[in-house]
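Undergrad: First the structure, which I've put down as structure tokens, then a few questions once you've had a look.
The values are calculated or read from the model by the stated rules, or taken from the named source; none is laboratory data. Just so we're clear, the structure is a prediction, and the values are computed from it rather than from any experiment. Positions of Cβ are backbone-derived with ideal geometry, glycine not excepted, and every protein chain shown enters the neighbour counts. To get the accessible areas, we keep the full protein, side chains included, count just its heavy atoms, and leave off ligands, DNA and RNA. Shrake-Rupley method; radii C 1.70, N 1.55, O 1.52, S 1.80 Å.
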Amino acid sequence: MQQNEQITLKRSLTLWQLVLFGLAFMMLTTVFTTYGLASQMTKGMVTGAYIVAMCIMLFTAYSYGQMAKEYPIAGSAYSYAQRAIHPNVGFMVGWAVLMDYIFIPMVNYLVFGIFFHAAFPEVPEYVFILAIIIVVTIINLRGITLAANANLIIIALSAIFLVIYSIFVIKSILGGTGTGTLFNLSSIYNPENSFSYMLAGASLLCFSFLGFDSISTFSEEAVNPKRNIPRAILIATLLGGVLFSFIAYLSHNLWPDYDSFSNPDAASYELVSLAGGKLLEALFLAITAIAITGSALSAQASGARVLYAMGRAKLLPAFFGKLHPKHQTPINNILLISFLSLFAIVMTLNFIASFINFGAFVAFISVNIAVMFLYFKKQEKTTKNKILFLVIPFIGASLDFILLINLNHYSLILGFIWFLLGLLY
């Protein structure tokens, strides 16, 4: 135990490495992951739902930044609620956050299996899932620097693919495919459909932004965390939101009939095929493999560090608070998340996403409330501080709560069951 206490997380991540971790977690190509489901849920208003989700997430991203300045430690929402509100509240928030960080890698692995099985139906889906779990686990076990360097390559290749995809889609639309015009705004808002559809879609699509909060889990590995963590969170949220909205806008104009996808889970594969045929399909599969690897890397690394923070604080058994003596990584937690990820073989995408969204909104609401607690504990009672530490986080918490209650009943039931298990523990 003494030897373990001398081992600390390695402080080496710069501002742009932190941004890359956030973007890799969010996965630049994540817009393809839920596009079919979101398109049907919003009645085609995917772009509008992304814009709404981004605006809401910016309020919460601001609150994460404020808490990172005050508490530059690992643990993210768990640590913030524990320090600013109450240790018991912190545990429950950490318990809720675990839903994100345990199940997000499963989403990555499952999407990987879905897309590649669609391309190679003769190979069972579980073979692809097992292969990517092994690759991600090995990289994360080797240390944070290797993972950061891998993210740089992954983000660069993903961005190149999105540029190529956009060119193919624009060419197809101008050639008469889909709406036949680049100025059809029905993806942003269609007055024929209720705004409630867009709001429901925003609840789902907040899943795409779950990378910004993961940045705060690397506070003990960041260079100058009080400055770089808040900046990285806001940059990643803005870049992701603009990119997702743009790709969704083009995709809707390429395929406006959102009810005609043969398989909503793999709708993006159909979009890619329509835009660029076999060549773009092959490129899409390659980039999907790379991008999902990056997202899974960041998700697994973040989840392992939340477990580490809770184990170090003795809120979980000591098993979770150990680091590898050489690589300075939470080895037990990485292996545990990899083991749990094997359940992706038998779960559905909708089931896993239901867990993730509930946990995310609980964490987001708690971080906004934690900022408000900071005001009453530490801040001077000036008008400026009332706006920064009361008004903005209150708006963020309220908007997150609206999205929480707009989740489907399935998500709410599963989430409350998980929450009850945490209370019993």
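Undergrad: Consider only pairs whose beta carbons are under 7 Å apart and that are at least six residues apart or on different chains; among these, list those whose first residue lies in the stretch 23-40 and is on the phi < 0 side of the Ramachandran plot and whose second residue is crowded, with 24+ Cβ neighbours inside 10 Å and aromatic (Phe, Trp, Tyr).
TA: Note: pairs meeting the criteria are 26/209; 31/244.
Undergrad: Could you identify the single residue in 131, 118 that is free of Cβ contacts under 8 Å to residues at least 12 places away in the same chain, among the aliphatic types (A, V, I, L, M) and not in a loop (DSSP other than H, G, I, E, B)?
TA: Working: 118 fails: free of Cβ contacts under 8 Å to residues at least 12 places away in the same chain.
None of the other options fit; the residue is 131.
Undergrad: I want to confirm something. Restricting to the stretch 8-24 and keeping residues that are open to solvent by less than 10 Å² (accessible area, probe 1.4 Å) and in contact with a Ser or Thr (Cβ under 7 Å, 6 or more places away or on another chain), which single residue is farthest from residue 254 (Cα to Cα)? Give the steps one after another, and end with the answer.
TA: As a first pass, look at the stretch 8-24 and keep what is open to solvent by less than 10 Å² (accessible area, probe 1.4 Å): 13, 18-19, 21-22, 24.
Next, from what is left, pick out any that are in contact with a Ser or Thr (Cβ under 7 Å, 6 or more places away or on another chain): 21-22, 24.
Numbers: 21: 31, 22: 29, 24: 26 Å.
Here the answer is 21.
Undergrad: With the condition kept exactly as written, say whether any residue in the stretch 187-196 is β-branched (Val, Ile, Thr), touching a helix residue (DSSP H, G or I) at 6+ places or on another chain (Cβ under 6 Å), within 16 Å of residue 41 (Cα to Cα) and open to solvent by 10 Å² or more (accessible area, probe 1.4 Å). Break it down into steps so the answer makes sense when it comes.
TA: Step one: of the stretch 187-196, the residues β-branched (Val, Ile, Thr) are 188.
Going one step further and asking which of them are touching a helix residue (DSSP H, G or I) at 6+ places or on another chain (Cβ under 6 Å), we end up with 188.
Next, only the ones that are within 16 Å of residue 41 (Cα to Cα) stay: 188.
Those left that are additionally open to solvent by 10 Å² or more (accessible area, probe 1.4 Å): 188.
Taking every residue of the stretch 187-196 in turn, at least one turns out to be β-branched (Val, Ile, Thr), touching a helix residue (DSSP H, G or I) at 6+ places or on another chain (Cβ under 6 Å), within 16 Å of residue 41 (Cα to Cα) and open to solvent by 10 Å² or more (accessible area, probe 1.4 Å).
Undergrad: Which pairs have Cβ atoms under 6 Å, sit 6 or more apart or on different chains, and link a residue in the stretch 330-351 that is at positive phi to one that is loosely packed, with under 15 Cβ neighbours inside 10 Å and basic (Lys, Arg)?
TA: From residues that are at positive phi, there are no pairs.
Undergrad: Only one of these conditions is not met by residue 221: (1) within 22 Å of residue 97 (Cβ to Cβ); (2) more than 13 Å from the chain's Cα centre (by Cα); (3) open to solvent by 10 Å² or more (accessible area, probe 1.4 Å); (4) not aliphatic (A, V, I, L, M). Which number is it?
TA: Going through the list (1) within 22 Å of residue 97 (Cβ to Cβ); (2) more than 13 Å from the chain's Cα centre (by Cα); (3) open to solvent by 10 Å² or more (accessible area, probe 1.4 Å); (4) not aliphatic (A, V, I, L, M), residue 221 breaks only (3).
Undergrad: Hey, can you tell me all the residues within the stretch 161-170 that are in contact (Cβ under 8 Å) with a residue 40 or more places away in the chain and either within 17 Å of residue 255 (Cβ to Cβ) or aliphatic (A, V, I, L, M) (or both)? Steps first, answer last, please.
TA: Step one: of the stretch 161-170, the residues in contact (Cβ under 8 Å) with a residue 40 or more places away in the chain are 161-162, 164-166, 168-170.
162, 164, 165, 166, 168, 169, 170 - these are the residues of the stretch 161-170 that are in contact (Cβ under 8 Å) with a residue 40 or more places away in the chain and either within 17 Å of residue 255 (Cβ to Cβ) or aliphatic (A, V, I, L, M) (or both).
Undergrad: If I ask for residues that are acidic (Asp, Glu) and within 14 Å of the chain's Cα centre (by Cα), which ones from the stretch 92-122 would you list?
TA: Just the residues of the stretch 92-122 that are acidic (Asp, Glu), to begin with: 100, 122.
Across the stretch 92-122, the qualifying residue is only 100.
Undergrad: State all residues of the stretch 310-330 that are in contact with a helix residue (DSSP H, G or I) (Cβ under 6 Å, 6 or more places away or on another chain) and either over 17 Å from residue 218 (Cβ atoms) or assigned to a helix (DSSP H, G or I) (or both); if no residue qualifies, say none.
TA: 310, 311, 312, 315, 316, 319, 320, 321, 322
Undergrad: Identify the residue in the stretch 246-268 that is open to solvent by 40 Å² or more (accessible area, probe 1.4 Å) and not in a loop (DSSP other than H, G, I, E, B) and, among all such residues, is farthest from residue 39 (Cα to Cα).
TA: Of everything passing the filter in the stretch 246-268, 246 is farthest from residue 39 (Cα to Cα).
Undergrad: Give the number of residues within the stretch 12-67 that are among the small types (Gly, Ala, Ser) and closer than 23 Å to residue 363 by Cβ.
TA: 8
Undergrad: Of (1) at pLDDT below 90; (2) part of a loop (DSSP other than H, G, I, E, B), residue 69 satisfies all except one. Which?
TA: (2)
Undergrad: Give the stretch 284-320 a look and list any residue that's open to solvent by less than 10 Å² (accessible area, probe 1.4 Å) and either in contact with a His (Cβ under 6 Å, 6 or more places away or on another chain) or of a type in the set (Gly, Ala, Ser) (or both), or say none.
TA: Scanning the stretch 284-320 gives 291, 294, 295, 296, 298, 299, 301, 302, 303, 304, 309, 311.
Undergrad: For the stretch 172-187, give me the residue count where each residue is within 21 Å of residue 198 (Cα to Cα) and without any contact (Cβ under 8 Å) to a residue 12 or more places away in the chain.
TA: 2
Undergrad: Answer yes or no: is there a residue in the stretch 363-371 that is under 16 Å from residue 203 (Cβ atoms) and either modelled with pLDDT under 90 or among the basic types (Lys, Arg) (or both).
TA: Residues of the stretch 363-371 under 16 Å from residue 203 (Cβ atoms): 363-365.
Narrowing further to those that are either modelled with pLDDT under 90 or among the basic types (Lys, Arg) (or both): 363.
There is at least one residue in the stretch 363-371 that is under 16 Å from residue 203 (Cβ atoms) and either modelled with pLDDT under 90 or among the basic types (Lys, Arg) (or both).
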